[in-house]
Amino acid sequence: MSHSFHRQLVYTIKDRCRVCFTCVRECPVKAIKIINGQAEVINDRCIGCGNCVRVCSQGAKIPLRSVDAVNDLLKSKNKIAACIAPSFPAEFEEIADYMVFVGMVRKLGFDYVTEVSFGADIVAREYENMIKGRDYEGDISSDCPAIVYFIRHYHPDMVPYLAPIASPMVAMGRVMKKKHGEDLKVVFIGPCFAKKAETTEIDEVLTFRELRDMFEASDILPENTEPSAFDPPHSGKGAIFPVSRGLYYTANNQETIPEERVIIAEGRVNYKEAIKEFEEGYIRKKHLMLLCCEGCIMGPGTSPGGKRFARSNAVGEYVSRKLQNIDKEVWEKNIEEFGQLDLSQSFTTEDRRLSKPSNEEVLNALHSMGKFSLQDHLNCGACGYDTCVDHAGAIVQGLAETEMCLPFAIEKLHDSISKLNVSNEKLARARAALKQSEKLAHMGQLSAGIAHELNNPLGVITMYSNILMDEAPEGDAVRDDLKLIVEQAERCKKIVSGLLNFARKNQVNLSETDVVKFVQHSLNSIVKPENIVCSFASEIADPIALLDIDQMMQVLTNLEKNAIEAMPNGGSLKVGVEGDAGEITFIVADTGSGIEKENMDKLFTPFFTTKEMGKGTGLGLALIYGIVKMHKGKIHVDSNANPAQGPTGTTFRITVPRGR
Ligand code: ADP
Ligand code: MG
């Protein structure tokens, strides 16, 4: 009979996966692939150990269920036998009398209820004979189906060393069919779901957890069940099989196998190491007794949260009671009879090893995770792989993704956060500028209206007061009054024209200008107090740009005047011009008082001034704003008014296109 039957044992519910990579870490054969951040079991690579089901806290790994198939069998006309794994006392600890448990199984509709441990009894004899044989070369026990899959897939050269002996389950199936005919259907009930894919000789396999579900669905409880005995053949020592060293105790019936001939390794890490050492020749002529779990009593088909030693104790107590009551004569007769059965098992190789990635491929994958030197290899294990190199190899093999690297993902996150911060800041600045220009646009409309309405009456006032002044005799007191009216009316006209500039009602009159000379000229045309050091710097190769000279002159002189006014106790005024092929930037920097933060967004509003009455009009920057806008330029202000934060002062940068 062959052992070459593979069905999907674990299904993935992708939506439930929260990408913790625990399953990747716990899977002994890396049969879990991460695609788009979600874990998926690769059936071809899976050995059915059930680790991923056990460790997934989200219930994203669902084991194959056989309850429906078993119910169908029970409804059919066939005779059905339930073969109960010897670990049942560990699972059903709460049922004090095992015969009640047997009665409950019978109530589900099984025609026979037997113990697999009789199969263990006859299989153990085969092991005993093999191990004490003269030409014994060593072997690996083949009773754990996950171990068998592991060897067939990942150590195919070791397949010849798999003990060519049927598992207790298969042996018991053969016993039952011999006893009750080939039409008998056999359902194995046990702690393991790798058994579901072990063989086609057994018709269905239920886990203990599924059996509990069936009890519940049919409302079968210990208190409403008649006790009942197991059907023959009854077992002997084989009942101890599921606990650690169980096979050894059973096989060593006549104490003919020396203890040092047996190596026992259980659990995810140990069995792999044992096989590796066996393959590499460090262990010779030994029997490797290997289990994927911590003994079948803790198998993935048992209820979660069981206590290992309490379970082992429950099995031990059950076996010792059983051995006290055993009818030795009948047992020996049965062993003799069924020991004649063919208990052989052959195994084929099914190589599922992935080709080893080249050094270069691994290096590239490491680089893609930002790992360039050995210091970058944190080997933190967060990805589920022991080392960064293992992770990189898995990326090359298509099993893993770079994003699984936690330090890399965190770094990327930090990166995007700072990028986001930058764009957030830009956005905030743009929003503030927009608000400001909206406000100024409204003011512009209003100012333009007022200026336009005032212009004519002002003209009339100026003209008539001039006429009256000319007519008034020299030395007349009225003449002085009229002079004052003319002066103030002139001042009003200036304000009005400032407002008009701000409101952009004027046109620009562009002409080719040498900006270096132009800026120098602007500096010469203002009055500079003695206590202020003025300097000019130019870093420009091509000084020619198209500007409205009159208006731009107003911009520069206004900025320079503001700067001087900000330095009543002296300081330095630096004026400069920079530029590239497309733009010209005028810079006016002072070491004056600086502008208070809260005033920064009021600067360009008409009539905003911090200067005393009669000194400032608050129209200078409004006018500059209008002119720069007309030149399709922009204004940038940098200022510090707080001496605690460094030297105070203000820098205005006006950037306009060259206009060519
Ligand atoms: P005004 O000079 O008539 O006050 P402006 O529109 O030219 O009007 O300036 C508005 C206000 O901006 C000023 O009152 C001052 O508070 C501030 N300001 C402008 N330039 C400077 C500067 N270089 N240093 C400090 N404050 C400045
Ligand atoms: Mg001013």
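The values are calculated or read from the model by the stated rules, or taken from the named source; none is laboratory data. Because the structure is a prediction, the values reported are computed rather than measured. All Cβ positions, even for glycine, are placed from backbone atoms using ideal geometry, and neighbour counts span all protein chains on display. Accessible surface areas use protein heavy atoms only, side chains included; no ligands, DNA or RNA. Shrake-Rupley method; radii C 1.70, N 1.55, O 1.52, S 1.80 Å.
For segment 299-318, which positions are closer than 16 Å to Glu94 by Cα and in contact (Cβ under 8 Å) with a residue 40 or more places away in the chain?
Initial filter on segment 299-318 (closer than 16 Å to Glu94 by Cα): 302-318.
Those that are closer than 16 Å to Glu94 by Cα and in contact (Cβ under 8 Å) with a residue 40 or more places away in the chain: Thr302, Ser303, Pro304, Gly306, Ala310, Arg311, Ser312, Ala314, Val315, Gly316, Glu317, Tyr318.
May I ask you to verify whether Val319 is within 26 Å of Glu201 (Cβ to Cβ) and in a helix (DSSP H, G or I)? No, not satisfied. Within segment 121-139, the set of residues being touching a Ser or Thr at 6+ places or on another chain (Cβ under 6 Å) and in a helix (DSSP H, G or I) comprises Asp121, Ala124. Of Gly50, Gly59, Gly37, all but one fail to be surrounded by fewer than 19 Cβ atoms within 10 Å (Cβ to Cβ), in contact with a helix residue (DSSP H, G or I) (Cβ under 8 Å, 6 or more places away or on another chain), under 25 Å from Pro304 (Cβ atoms) and touching a residue at least 40 places away in the same chain (Cβ under 8 Å); the exception is Gly59.
Filtering segment 596-613 to residues that are within 6 Å of ligand 1 (Cβ to nearest atom) and open to solvent by 30 Å² or more (accessible area, probe 1.4 Å) leaves Phe608, Thr609, Thr610, Lys611. Scanning segment 434-456 for residues that are without any contact (Cβ under 8 Å) to a residue 60 or more places away in the chain and open to solvent by less than 60 Å² (accessible area, probe 1.4 Å) yields a count of 6.
Could you pull out the residue among His521, His442 that is part of a helix (DSSP H, G or I), under 25 Å from Ile627 (Cβ atoms) and not assigned by TED's automatic domain parsing to the domain that holds Thr591?
His442
Residue pairs whose Cβ atoms lie under 6 Å apart, sitting 6 or more positions apart in sequence or on different chains, and linking a residue in segment 352-366 that is assigned to a helix (DSSP H, G or I) to a partner that is open to solvent by less than 90 Å² (accessible area, probe 1.4 Å), are Glu361/Val396; Val362/Ala392; Val362/Gly393; Ala365/Ala392; Ala365/Ile395; Ala365/Val396; Leu366/Ala392. Among the numbered conditions (1) among the charged types (D, E, K, R); (2) under 21 Å from Leu603 (Cα atoms); (3) modelled with pLDDT under 90, the only one that Lys426 does not meet is (3). Within segment 502-560, being open to solvent by 20 Å² or more (accessible area, probe 1.4 Å), hydroxyl-bearing (Ser, Thr, Tyr) and in contact with a strand residue (DSSP E or B) (Cβ under 8 Å, 6 or more places away or on another chain) holds for Ser511, Ser535, Ser538.
In the condition set (1) among the hydroxyl-bearing types (Ser, Thr, Tyr); (2) open to solvent by 20 Å² or more (accessible area, probe 1.4 Å); (3) in contact with a Cys (Cβ under 7 Å, 6 or more places away or on another chain), Ser87 is compliant with all but (2).
All conditions in (1) under 21 Å from Ala503 (Cβ atoms); (2) surrounded by fewer than 19 Cβ atoms within 10 Å (Cβ to Cβ); (3) more than 11 Å from ligand 1 (Cβ to nearest atom) hold for His631, with the sole exception of (2). When Gly616 is tested against (1) of a type in the set (Gly, Ala, Ser); (2) open to solvent by 30 Å² or more (accessible area, probe 1.4 Å); (3) within 16 Å of ligand 2 (Cβ to nearest atom), only condition (2) is not met. Among the conditions (1) open to solvent by 60 Å² or more (accessible area, probe 1.4 Å); (2) under 30 Å from Lys14 (Cα atoms), the only one that Glu93 does not satisfy is (2). Do we find that Leu499 is touching a Ser or Thr at 6+ places or on another chain (Cβ under 6 Å), assigned to a helix (DSSP H, G or I), open to solvent by less than 90 Å² (accessible area, probe 1.4 Å) and within 27 Å of Ala589 (Cβ to Cβ) in this structure? The answer is no for Leu499.
Being open to solvent by less than 10 Å² (accessible area, probe 1.4 Å), over 33 Å from the mean Cα position of the chain (by Cα) and closer than 29 Å to Val319 by Cα is a condition met by at least one residue of segment 69-76. In segment 641-660, what residues are open to solvent by less than 30 Å² (accessible area, probe 1.4 Å), within 15 Å of ligand 1 (Cβ to nearest atom) and under 23 Å from Pro568 (Cα atoms)? Matches in segment 641-660: Ala641, Gly649, Thr650, Phe652.
The set of residues in segment 163-180 that are surrounded by fewer than 21 Cβ atoms within 10 Å (Cβ to Cβ) and in contact with a Ser or Thr (Cβ under 7 Å, 6 or more places away or on another chain) contains only Pro164.
Would you point out which residue out of Lys611, Lys597 is in the same structural domain as Arg653 (by TED's automatic domain parsing), more than 28 Å from Gln507 (Cα to Cα) and either within 56 Å of the chain's Cα centre (by Cα) or away from ligand 2 (no atom under 16 Å from the Cβ) (or both)? Show your work before the answer.
Details: Lys611 fails: either within 56 Å of the chain's Cα centre (by Cα) or away from ligand 2 (no atom under 16 Å from the Cβ) (or both).
Only one candidate qualifies: Lys597.
Based on this model, can you work out whether Ile532 counts as within 16 Å of ligand 1 (Cβ to nearest atom) and not basic (Lys, Arg)? It is true that Ile532 is within 16 Å of ligand 1 (Cβ to nearest atom) and not basic (Lys, Arg).
In the list Gly594, Gly618, Gly626, which residue meets the criterion of being at pLDDT below 90, of a type outside the set (A, V, I, L, M, F, W, C) and part of a loop (DSSP other than H, G, I, E, B)?
Answer to the check: Gly618.
Glu137: more than 30 Å from Glu280 (Cα to Cα) and either more than 51 Å from the chain's Cα centre (by Cα) or open to solvent by 10 Å² or more (accessible area, probe 1.4 Å) (or both), yes or no?
No; evaluated as a whole, the condition is false for this residue.
Checked against (1) within 26 Å of Ile80 (Cα to Cα); (2) open to solvent by less than 20 Å² (accessible area, probe 1.4 Å); (3) part of a loop (DSSP other than H, G, I, E, B), Ser142 passes all but condition (1). Each residue in segment 181-223 was checked for being over 46 Å from the mean Cα position of the chain (by Cα) and surrounded by fewer than 17 Cβ atoms within 10 Å (Cβ to Cβ), and 5 pass. Applying the condition of being surrounded by fewer than 22 Cβ atoms within 10 Å (Cβ to Cβ) and in a helix (DSSP H, G or I) to segment 563-589 and asking which residue is farthest from ligand 1 (Cβ to nearest atom) yields Ile564. Considering only segment 549-564, I want to know if a residue exists there that is within 16 Å of ligand 2 (Cβ to nearest atom) and acidic (Asp, Glu). Within segment 549-564, one or more residues are within 16 Å of ligand 2 (Cβ to nearest atom) and acidic (Asp, Glu).
Just to check your reading of the model, which residue among Ala382, Ala400, Ala392 is modelled with pLDDT of 95 or more and within 22 Å of Cys20 (Cβ to Cβ)?
When all the criteria are applied, what remains is Ala392.
For Glu578, the conditions (1) within 12 Å of ligand 2 (Cβ to nearest atom); (2) over 12 Å from Val637 (Cβ atoms) all hold with the exception of (1).
Residue count for segment 75-102 under the criterion of being in a helix (DSSP H, G or I) and closer than 29 Å to Cys293 by Cα: the result is 9.
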